[in-house]
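Let me begin by presenting the structure, written as structure tokens, before commenting on it.
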Amino acid sequence: MKLELNNLTKIFGDYAAVDHVDLVMGNGVYGLLGVNGAGKTTLMRMLCTLLKPTEGCILCNGRDIFKMDGEYRKLLGYLPQDFGFYPEFTVQDYLLYVATIKGIRPTAAKKRVKELIGQVGLARAAGKKMKKLSGGMKRRAGIAQAMLNNPEILILDEPTAGLDPNERIRFRNLISELSEDRLVLLSTHIVSDIEYIANEIWLMKDGRFVHRGTTDAVINSMPETVWECLVSKDMVSQFIKAYKISNMKTEPQGVVLRIISQEKPMPDAKWVEASLEDVFLYYFGEKAGEENAAI
């Protein structure tokens, strides 16, 4: 499977949500990382043929996806950030209904639904109404509906939004399991969602990619250094104004700050290894403000 984005652009009025993007993808997991409003959802909606680009094209194995029409959509599984469902349907009935819409024959649909319900860990909840499910269970049902046609391309927009840490871990493990022999594109603003499962990470800002590569390559792209130092509580506000602070931890002796800076922020500051969260702050954070203390 090969997807190519050539000069892909989407303009709304005077605003370029996606701005002349070029990219090539094959099988594997791709993490699209950026703050809200970076253009991630617009890009994904174009990849799902829900929006037509203003300029450029998207090719699937060399063919324009909009000309392929239904042939392309048969290859596609999509989980939007807010997916619709009938609240009175049980999980099983919901998936059978979606299977009908996707044109899957009833006999094959029943077999596939049973298989997926087990795979996403909803076997005990198969007879529960959708409205009774927790947020994590609903997202699992969403993944199941996206996988009904066994897609070669799986696109997930903010799939872990609103989930607790345990559900996030389960979800990441599920995505990793589903990624064999297919192309998976995962959009998020939560760094931990993609740090360990993505083969390649794209950092998106203002409709463009500011950097892309493996986790290590993206971390190494940051020209500044990460330091940790202990400061008194009354000095914290001064450091927040002067530096990019990716994390801070209160201790009895004071506050431990994690600082991104080219220069050593104070004589006893210690160098520490950079993380993807540090890189996120470097590319997307601001130097000062109330939300700078942590990502």
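A few points about this structure:
- Qualifying residue in the range 176-188 (condition: modelled with pLDDT under 90, in a loop (DSSP other than H, G, I, E, B) and on the phi < 0 side of the Ramachandran plot): yes
- Among the residues listed as Tyr72, Tyr86, Tyr15, Tyr97, the single one being touching a helix residue (DSSP H, G or I) at 6+ places or on another chain (Cβ under 7 Å) and without any contact (Cβ under 8 Å) to a residue 24 or more places away in the chain: Tyr72
- Within the range 233-285, strands (runs of 3 or more DSSP E) holding 2 or more residues that are of a type in the set (D, E, K, R) and open to solvent by 50 Å² or more (accessible area, probe 1.4 Å): 244-251
- Number of residues in the range 172-203 that are open to solvent by 10 Å² or more (accessible area, probe 1.4 Å) and among the aromatic types (Phe, Trp, Tyr): the value is 1.
- Residues satisfying the stated conditions in the range 189-202, i.e. in a loop (DSSP other than H, G, I, E, B), closer than 18 Å to Phe284 by Cα and in contact with a strand residue (DSSP E or B) (Cβ under 8 Å, 6 or more places away or on another chain): His189, Val191
- One residue stands out among those in the range 23-56 that are touching a Phe, Trp or Tyr at 6+ places or on another chain (Cβ under 9 Å) and part of a strand (DSSP E or B): the one that is surrounded by the fewest Cβ atoms within 10 Å (Cβ to Cβ), which is Leu23.
- Complete set of residues in the range 144-194 that are β-branched (Val, Ile, Thr) and within 14 Å of the chain's Cα centre (by Cα): Ile155, Thr160, Ile169, Ile175, Val184, Thr188, Ile190, Val191, Ile194
- Entry remark, the range 236-247: residues being under 14 Å from Ala269 (Cβ atoms) and out of contact with any strand residue (DSSP E or B) (no Cβ under 8 Å at 6 or more places or on another chain) number 1 in total.
- Residue check, Glu71 over 26 Å from Asp181 (Cα atoms), acidic (Asp, Glu) and either out of contact with any Ser or Thr (no Cβ under 8 Å at 6 or more places or on another chain) or not in a strand (DSSP E or B) (or both): no
- Any hit, the range 65-83, residues being out of contact with any His (no Cβ under 6 Å at 6 or more places or on another chain), within 28 Å of Gly135 (Cβ to Cβ) and among the aromatic types (Phe, Trp, Tyr): yes
- Of all residue pairs spaced 6 or more apart or on separate chains, those with beta-carbon atoms under 7 Å, a first member in the range 216-237 that is closer than 14 Å to Ser261 by Cβ and a second member that is in a helix (DSSP H, G or I) and not aliphatic (A, V, I, L, M) are Met222/Asp278; Met222/Tyr282; Glu224/Tyr282; Val226/Asp278; Val231/Phe239.
The values are calculated or read from the model by the stated rules, or taken from the named source; none is laboratory data. Here the structure is a predicted model, which is why all the values come from computation and not from measurement. Counting neighbours? That spans all protein chains shown, and the Cβs are built from the backbone with ideal geometry, glycine included. Protein only, heavy atoms only, side chains kept; ligands, DNA and RNA dropped before computing areas. Shrake-Rupley method; radii C 1.70, N 1.55, O 1.52, S 1.80 Å.
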